[in-house]
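Have a look at the structure below, then the notes.
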Amino acid sequence: MRFVYADNAATTAVSENVKNAILPYLTEQYGNPSSLYSFGQTAFRAVEKARQQVADALGAKKEEIYFTSGGSEADNWALRAAAKLGEKKGKKHIISTKFEHHAILHTLAALEKEGFKVTYLDVYENGIVKTQDVENAITDETCLVTIMYANNEIGTVQPISEIGKICQSKGVLFHTDAVQAVGHIAIDVKEQNIDMLSLSGHKFHATKGVGALYCRKGILLENLIHGGAQERGRRAGTENVPGIVGLGVAITDMTAHLEENAKKVSALRDRLFEGASKISHSRINGDRESRLPGNFSMCFEGVEGESLLLMLDMKGVCASSGSACTSGSLDPSHVLLSIGLKHEVAHGSLRLSLGEYNTEEDVDYILEVLPPIIERLRDMSPLWEHIMEEEAKKNA
Amino acid sequence: MEYSEKVMEHFANPHNVGVIEDANGVGEIGNAKCGDIMKMYLKIENDIIVDVKFKTYGCASAIATSSIATDLIKGQPISEALKLTNKAVVEALDGLPAVKIHCSVLAEQAIKAAIADYYTRQGLDPELYVGKLDDCCDLHDHH
């Protein structure tokens, strides 16, 4: 049976370049970057080279990059630090959106318990925040605007440059969770007036367990972990040297091939949309144009997402869904609800996220197995029966 | 969260899927908002369930519980089918993840709803035989 990995928004395969770059640091180059002898300094130089690579990819300075364990840590850190700075000035208002990743939403919920006020902006039917809403929401109390670069479920890309401009003119810190965007679309933190940015290595062919926080020079970043001089004394703990080396290589490779990758991957994605849209009672989630190159998100009425993805799994296709049953809770994903989908429609969601390693054959295979699975599930679905009855009534 | 082999087996190849055209007891429980609906069709002769079929909209465990529950009551007298508990359904599937227990309750309730419909069609008060049925979304409290 064919194996098709179409869940690149969840994680990606480690690239050959990354693997080769990491290997020496798993074997002979095991020195501690904090050690002063030259064996340790080799590891130190490797970490600093990666820091420069990450900075270059984002248009930042080397000393503005802090390595973390991943995107969630970077998000938690950024929000905590910005809140602390706000609190010192007596500003306890934060602006965000309804469809952020839980690393943001749950940190904001924790801050709310500590007395912060949070405005969660609408993202409308197309899954894109309105810059005017951001501007209107800013008050004298606002200490931070945090809005994701691109959504992890529906892939919609936010007007980050415009939001950056507004925040800069109002003197409010601007953080963006760019976990889904880095390595896939062009980012320049200076040009876009981004003060803080979170990224995660395994979303673009580095390994799991490594990420980074960009924090503009001049912003006092609160210490996250005490006990050592690593990461300018802000985050103690011996560095994940192999992971960091891989992150540097991955971000350099991806940035060098940004345009050709986007062209290739979005062409595959469009082929997928075109084929899957032929399935009746289906809809594309989120804006069709302003979205990540590899993101495909659709809802199919009358079927439930978990069943759909498990049946795809039986055919060798790795996919994802925002149904309640896959989240382990009652409600379908907050992202799908935030764009106004009804519960019963959101339960039938399917996310396929393509990457550079996918091929046309992969897409054609998905388009071959998907329609019969949906048909089979609809055949045994009383909900589908109800939908058909309703339609027959309307047409009568 | 992981499903047992038994659950995956019943999900991949569910037993008794479909409709009984001349069913004399039909029950539907759950709603679309919650993400699961089960519809049971019974053919009852002389108080024996001679045939049973189902249609289910929902996750893998909802489909698997429907499948095994129909297996368990097929050929049984009504009195036995009414004794089927969600616990027995869970055991027959070699367990369900905690967040999916409500699916087994749904299967138990769907069978009861179909039997209640049978009694109603016979001109009898179903509550005397089947008792009160739970509302679907309350079932989720079993999480």
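Within this structure, B:K6 fails the test of being under 30 Å from B:D125 (Cβ atoms), basic (K, R) and at pLDDT 95 or above. Of note, A:D140 satisfies the criterion of being more than 18 Å from A:G322 (Cβ to Cβ), of a type in the set (D, E, K, R) and touching a residue at least 24 places away in the same chain (Cβ under 8 Å). Hey, can you tell me all the residues within the range B:1-17 that are in a loop (DSSP other than H, G, I, E, B) and more than 8 Å from every other protein chain (Cβ to nearest Cβ)? Of everything in the range B:1-17, those that are in a loop (DSSP other than H, G, I, E, B) and more than 8 Å from every other protein chain (Cβ to nearest Cβ) turn out to be B:E2, B:Y3, B:S4, B:N13, B:H15, B:N16.
Can you tell me which residue among B:V50, B:V89 is away from chain A (no Cβ under 14 Å) and surrounded by 24 or more Cβ atoms within 10 Å (Cβ to Cβ)? Exactly one of B:V50, B:V89 is away from chain A (no Cβ under 14 Å) and surrounded by 24 or more Cβ atoms within 10 Å (Cβ to Cβ), namely B:V89.
Test of understanding: among B:A64, B:A69, which residue is part of a helix (DSSP H, G or I) and within 11 Å of another protein chain (Cβ to nearest Cβ)?
B:A64
Kindly indicate whether A:P242 is assigned to a loop (DSSP other than H, G, I, E, B) and surrounded by 22 or more Cβ atoms within 10 Å (Cβ to Cβ). Considered against the rule, which asks whether it is assigned to a loop (DSSP other than H, G, I, E, B) and surrounded by 22 or more Cβ atoms within 10 Å (Cβ to Cβ), A:P242 comes out as no.
Considering the range A:97-116, and only residues there that are in contact with a helix residue (DSSP H, G or I) (Cβ under 6 Å, 6 or more places away or on another chain) and closer than 17 Å to A:I339 by Cα, the residue that is surrounded by the fewest Cβ atoms within 10 Å (Cβ to Cβ) turns out to be A:K98.
Conditions (1) part of a strand (DSSP E or B); (2) among the acidic types (D, E); (3) under 24 Å from A:R2 (Cα atoms); (4) more than 10 Å from every other protein chain (Cβ to nearest Cβ), marked per residue:
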| position | (1), (2), (3), (4) |
| --- | --- |
| A:D287 | no, yes, no, yes |
| A:S297 | yes, no, yes, yes |
| A:D331 | no, yes, no, no |
| A:V345 | no, no, no, no |
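The set of residues from the range B:22-40 being away from chain A (no Cβ under 11 Å) and not in a strand (DSSP E or B) comprises B:D22, B:A23, B:N24. Of all residues being outside any helix (DSSP H, G or I) and under 24 Å from the mean Cα position of the chain (by Cα) in the range A:12-47, which is surrounded by the fewest Cβ atoms within 10 Å (Cβ to Cβ)? Just the residue, please. The qualifying residue surrounded by the fewest Cβ atoms within 10 Å (Cβ to Cβ) is A:A13. Filter the range A:373-387 for residues that are away from every other protein chain (no Cβ under 12 Å) and free of Cβ contacts under 8 Å to residues at least 12 places away in the same chain and give the result. Across the range A:373-387, the qualifying residue is only A:E375.
Among the aromatic types (F, W, Y), part of a loop (DSSP other than H, G, I, E, B) and away from chain B (no Cβ under 14 Å): is that true of A:Y365 in this structure? Spelling it out, it is not the case that A:Y365 is among the aromatic types (F, W, Y), part of a loop (DSSP other than H, G, I, E, B) and away from chain B (no Cβ under 14 Å).
The values are calculated or read from the model by the stated rules, or taken from the named source; none is laboratory data. The shown structure was predicted, so the numbers you read here are calculated from the model rather than taken from an experiment. With ideal geometry, Cβ positions are generated from the backbone for all residues, glycine too; neighbour counts draw on all protein chains shown.
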